[in-house]
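K.L.:
Mind looking over this structure? Questions follow.
The values are calculated or read from the model by the stated rules, or taken from the named source; none is laboratory data. None of these values were measured; they are calculated from a predicted model. With ideal geometry, Cβ positions are generated from the backbone for all residues, glycine too; neighbour counts draw on all protein chains shown. Heavy atoms of the whole protein, side chains included, go into the accessibility calculation; ligands, DNA and RNA do not. Shrake-Rupley method; radii C 1.70, N 1.55, O 1.52, S 1.80 Å.
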Amino acid sequence: MMFESAPLSPHLGVRISNLDVTKPLSDETFAALRKAWLDANGVLVLSNQTLTPPQQIAFSRRFGPMKHRDTHRAFEGVEHPEVVVVSNKVVDGKRLGRISGVFWHSDSSYDVAPVSATLLYGLEVPPAGGDTMFANQYLAYDTLSPRMKTMLCELKSVNDYYNPATYKNRQQVERPSVHPPVTHPIVRRHPETSRDALYITRGFTSHIVGLPADEATAILEFLFTHSTQPEFIYRHHWQRGDLVVWDNRCLQHYAVNDYDGIYTRCMHRTSVQGDVPVGPGEMSRASQAVAA
Ligand code: OGA
Ligand code: MN
């Protein structure tokens, strides 16, 4: 057997306990790992890793081309532009990194082509707290009524890094030209599994294209609550040495900040450049156009 795997919850997540990702992985082993990740609806936990930033980058590259740190990121704890330090640690009076994602979101969904996979490696984890929650967005879509699905498949949402609901304080300052709002389909077809998933988040989705604000707000509020219900969630409690790989194309996640000021936490994060999101309607229109 190439590696041992065990489910982490009924609807998402798989733990791989006996694979050292710094060792050369054959294409066959990596293909099996990728399949295990997709089959587990996008959460892969690789336990007991010891990774330098170059080793993490090398493994991350197996999932696709690396995304470099955005230029706006003020904290650069490590030399490699592929690695973001996610931490509340203070060294010599300076913050080593930043805490990110203390709200439901999908990484970089405010980009035209958001990241596909994110890899987060736990270097220093709190003895309690600091969990990360993941919500299965295939299930969020599948459990809607047929009529709601039909309506949502036609709609696009606006996704904004400066979403007022998330960054109230940022509205005080002049909006920089980086990160203009982008539109994405509300239902996203996963390019590898061809399954449909909800693709909205309370963190970054601000409007629905073509709907008045009051209608959009009511629909979005319903979707935010529906898509993050406890039954759809796996809550990861970190062990030092965990490398968690998650799929932003079919998951939302939330970094629970219950530890800051009590414990320190330090993670290294890499991310993989993804495709422009495509909805089921656009897919069928595109294939009809090819057929015609
Ligand atoms: C992130 C993120 C989760 C965590 O880095 O994008 O959401 O628990 N992190 O730190
Ligand atoms: Mn995140």
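K.L.:
Which strands (runs of 3 or more DSSP E) does segment 42-155 wholly contain that include 2 or more residues that are over 25 Å from Asp275 (Cα atoms)? Steps first, answer last, please.
P.N.:
On the way: elements: 43-46, 84-87, 115-124, 132-136.
The strands (runs of 3 or more DSSP E) meeting that bar are 115-124.
K.L.:
Can you tell me how many residues within segment 13-37 are in a loop (DSSP other than H, G, I, E, B) and on the phi < 0 side of the Ramachandran plot?
P.N.:
Here the count works out to 10.
K.L.:
Taking the condition assigned to a loop (DSSP other than H, G, I, E, B), more than 24 Å from Val245 (Cα to Cα) and either without any contact (Cβ under 8 Å) to a residue 12 or more places away in the chain or touching a Pro at 6+ places or on another chain (Cβ under 7 Å) (or both), does Pro180 pass? Lay out the reasoning, then the answer.
P.N.:
On the way: assigned to a loop (DSSP other than H, G, I, E, B): yes; more than 24 Å from Val245 (Cα to Cα): yes; either without any contact (Cβ under 8 Å) to a residue 12 or more places away in the chain or touching a Pro at 6+ places or on another chain (Cβ under 7 Å) (or both): yes.
When the stated conditions are applied, Pro180 passes them.
K.L.:
So how many residues does segment 224-243 have that are within 13 Å of ligand 1 (Cβ to nearest atom) and part of a loop (DSSP other than H, G, I, E, B)?
P.N.:
Going through segment 224-243 one residue at a time, the tally reaches 3.
K.L.:
Something else now. Name the pairs whose Cβ atoms lie under 7 Å apart, with the first residue in segment 216-242 and closer than 29 Å to Lys156 by Cα, the second assigned to a helix (DSSP H, G or I), and 6 or more positions between them or separate chains?
P.N.:
Correct list of pairs: His226/Ala140; Ser227/Gln137; Ser227/Ala140; Phe232/Leu139; Phe232/Ala140.
K.L.:
Now for a different question. Output the number of the condition that Val45 fails; it satisfies all remaining conditions of (1) buried (at least 21 other Cβ atoms within 10 Å of the Cβ); (2) hydrophobic (A, V, I, L, M, F, W, C); (3) over 20 Å from the mean Cα position of the chain (by Cα).
P.N.:
(3)
Residue by residue, here is whether (1) modelled with pLDDT under 95; (2) farther than 21 Å from Arg34 by Cβ; (3) in contact with an Asp or Glu (Cβ under 9 Å, 6 or more places away or on another chain); (4) open to solvent by 30 Å² or more (accessible area, probe 1.4 Å) holds:
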{"residue": "Trp238", "(1), (2), (3), (4)": "no, yes, yes, no"}
{"residue": "Asp275", "(1), (2), (3), (4)": "no, no, no, yes"}
{"residue": "Gly279", "(1), (2), (3), (4)": "no, yes, yes, no"}
{"residue": "Met283", "(1), (2), (3), (4)": "yes, yes, no, yes"}
{"residue": "Ser287", "(1), (2), (3), (4)": "yes, yes, no, yes"}
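K.L.:
Quick one: how many residues across segment 39-67 are closer than 24 Å to Gln252 by Cβ and either touching a Pro at 6+ places or on another chain (Cβ under 8 Å) or of a type in the set (Val, Ile, Thr) (or both)?
P.N.:
The number of residues fulfilling the criteria is 3.
K.L.:
Residues of segment 117-166 being among the aliphatic types (A, V, I, L, M), under 17 Å from Phe222 (Cα atoms) and either open to solvent by 10 Å² or more (accessible area, probe 1.4 Å) or away from ligand 1 (no atom under 16 Å from the Cβ) (or both), which ones?
P.N.:
Selection gives Leu139, Ala140, Leu144, Met148, Met151, Leu152, Leu155, Val158, Ala165.
K.L.:
Here is a further query. With (1) of a type outside the set (Val, Ile, Thr); (2) touching a helix residue (DSSP H, G or I) at 6+ places or on another chain (Cβ under 9 Å); (3) buried (at least 23 other Cβ atoms within 10 Å of the Cβ); (4) not in a loop (DSSP other than H, G, I, E, B) as the list, and Arg249 as the residue in question, which single condition is left unmet?
P.N.:
(4)
Let's see how each residue does on (1) under 16 Å from Val112 (Cα atoms); (2) at pLDDT 95 or above:
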| site | (1), (2) |
| --- | --- |
| Lys156 | yes, yes |
| Asn159 | yes, yes |
| Pro164 | no, no |
| His179 | yes, no |
| Pro191 | yes, yes |
| Asp214 | no, yes |
